[in-house]
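Bear in mind that the values in this text are calculations on the coordinates, not laboratory data. Treat the numbers as computed from the prediction; the structure is a model and nothing was measured. FYI the Cβ positions are ideal-geometry reconstructions off the backbone, even for glycines, and counts take in every protein chain you see.
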Amino acid sequence: MSFLKKKSLLFCIGAGTGCAVLLTALLLLPFAWAIRRELIPESAQWLCAALCAGLGALIPAAVICRVRRRQAVATGAAIGGCCLALAALGCALGGEGYAFGPWLGALGAALLAGGLAGAVLAVGRSGHKRRRC
């Protein structure tokens, strides 16, 4: 992962967005299985999707921001924003029956919160400002 230090910010955002989309899809598989088996009610599917999207954006943002350290909050927000743009593009190009709805707002909030939380968790407290006793 140290090769990300030398790459541009756009490359890191693209890599983080790709990882976030793949991770979200992998996290959704157990929930889809549980909803199909009726272990989770269908009314909670938007909550499961928002949870998986938030975690899917948090993990790549935390990893990339931990390596880069510079522009961490912008990187985390951009990863969440790019994932949201891909979801909106999927709605726009999906055809009839795929509409923008209130779920897109919840999904966007989860994605942006996940990206920003990953950036904040990655930066943490800097070592040179600690007191030495």
Please say if segment 41-98 is rounded, prolate or oblate, where rounded means a/c under 1.5 for a ≥ b ≥ c the square roots of the C-alpha gyration tensor eigenvalues, and otherwise the choice is prolate for a/b larger than b/c and oblate otherwise?
oblate
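List the relative contact order of segment 12-128 as a percent without decimals, with contacts defined as Cα pairs under 8 Å and 6+ residues apart.
Numbers: 153 pairs, mean separation 42.0, N = 117.
After rounding, I find 36 percent.
Give the shape of segment 1-72 as rounded, prolate or oblate, defined through the alpha-carbon gyration tensor: a ≥ b ≥ c are the square roots of its eigenvalues, a/c under 1.5 means rounded, and otherwise the shape is prolate if a/b is larger than b/c and oblate if not. Write out the running numbers ahead of the final one.
Values: a/c = 3.93, a/b = 3.27, b/c = 1.20.
Taking the square roots of the gyration eigenvalues as a ≥ b ≥ c, segment 1-72 is prolate.
As a test of the formula, what do you get for the chain when each DSSP H run with n ≥ 4 contributes -39,500 (n - 2.57) and the sum is divided by the residue count, at 222 nm and rounded to the nearest 500 deg cm²/dmol? Please list the in-between numbers first.
On the way: 4 runs with 96 residues, N = 133.
Helix contribution divided over all residues of the chain: -25500 deg cm²/dmol.
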Output the peptides 44-50, 72-78 sorted from most to least packed, where packing is the average of other Cβ atoms within 10 Å over each peptide's residues.
72-78, 44-50
Read-out Cα Rg over 2.2 N^0.38 Å, candidates (i) 1.19; (ii) 1.01; (iii) 2.65; calculated match is (i)
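Sorted by mean Cβ packing within 10 Å, highest first, what order do the peptides 111-120, 53-62, 7-16 take? Show your work: numbers first, answer last.
Details: 111-120: 23.3, 53-62: 25.7, 7-16: 15.8.
Highest-to-lowest ranking by the protection proxy: 53-62, 111-120, 7-16.
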Pulled fully out, how much extra length does the chain show between Leu9 and Val67, if you take 0.36 nm times their separation in residues and subtract their Cα-Cα distance?
19.7 nm
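How long is the gain from Leu26 to Trp46 if the chain were fully straight, where each residue apart is worth 0.36 nm and the alpha carbon distance is subtracted? Intermediate results must be reported in sequence, preceding the final value.
Working: separation 20, 0.36 × 20 = 7.20 nm, distance 1.61 nm.
Full extension of this stretch gives 5.6 nm more.
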